[in-house]
Amino acid sequence: MHFRIEDCIAIAPSWRYQGSQQWRHLCGAIHSPSQSIMGELETLSVMGLPIHWGTPYEDWLLERQHRGLGAHVVTLNAEMAMQADNHPELKAVLCNAELAIPDGAGIVLYFRLKGKRLQRCPGIELAESLLQKLAPDQSAFFLGAAPGVAEAAAQRWRSRKPDLTIAGIQDGYFTPEALPALEERLKTLQPTVILVALGVPRQEFWIAQRRSLCPSAIWVGVGGSFDIWAGNKQRAPAFFCNNNLEWLYRLYQEPWRWRRMLALPRFALRALTYSVGL
């Protein structure tokens, strides 16, 4: 699923932009080097957006959750960065997330040009690591994708990890009338991990609006991960993944994505000129 920023803002009025000074204060706080909450993670910046790098993300998140602290995880790529550059509402949401990981090849290549050798961390791999490390008394909620897809993805995980506790499953085609019941369900269940597959940027706004329902949960926007787990789509072969070319394989699978892929050269130009104010 792919949504226009304007559509997401329309259904997320609490995140409307309140002025440049408020936004600068928010992003400045996240980027502050004196902030100790990140522990062993280093906070870097690309186009005014945070990227965190260091200790294994899943360990950091589960330790944080063990202390009763939730987290919103953003899987940053070039397309999302460009959307945020044009829409302060989305930029505020991304800046306010506790963890932003380098999901896209463009993000990794940008930092390598700056002398920082980050490794790409696809969101699907982080989600898999979290699910693998959940104890039987911890649980996961699968939310999003087309009808039947989340159920199929959850079933695959039941086979893969029999002791995984799946608290609930909900596809992404719920009506506004059904939303209060879904919110109450999340509030009652209090899952450890909530995987939200509603597409960018809808899932980011959705999490930001509702994370207070489960304040100690790990909320992760996982995009199309459910389709891959369900067997509807395939990830790129290892060669593509290991050489930051997964985007090329996705373009081969889905040629209609070519317009979205234009974000890559635009991101490269914008990111390299951002720090000099161009």
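The single residue among PRO176, PRO162 that is surrounded by fewer than 21 Cβ atoms within 10 Å (Cβ to Cβ) and within 24 Å of LEU62 (Cβ to Cβ) turns out to be PRO162. The residues of the range 99-127 that are touching a helix residue (DSSP H, G or I) at 6+ places or on another chain (Cβ under 6 Å) and aromatic (Phe, Trp, Tyr) amount to a single one, TYR110. Scanning the range 113-132 for residues that are out of contact with any Leu (no Cβ under 7 Å at 6 or more places or on another chain) and assigned to a helix (DSSP H, G or I) yields LEU113, GLY123, ILE124, GLU125, LEU126, GLU128, SER129, GLN132.
If you filter the range 122-140 down to residues that are out of contact with any Lys or Arg (no Cβ under 9 Å at 6 or more places or on another chain) and touching a residue at least 60 places away in the same chain (Cβ under 8 Å), you find that the one that is surrounded by the most Cβ atoms within 10 Å (Cβ to Cβ) is ALA127.
Filtered by the rule that a residue be surrounded by fewer than 21 Cβ atoms within 10 Å (Cβ to Cβ), farther than 17 Å from LYS114 by Cβ and among the hydrophobic types (A, V, I, L, M, F, W, C), the range 47-61 gives a lone residue, TRP60. When the helices (runs of 4 or more DSSP H) confined to the range 47-100 are screened for residues that are under 22 Å from SER216 (Cα atoms), those reaching at least 2 such residues are found at 57-66, 88-96.
Every read-out reported here was derived from the displayed coordinates using simple, explicitly stated rules and does not represent laboratory data. The structure displayed is predicted, hence computed values, not measured ones. Note that we place each Cβ from the backbone using ideal geometry, even for glycine, and neighbour counts take in every protein chain shown.
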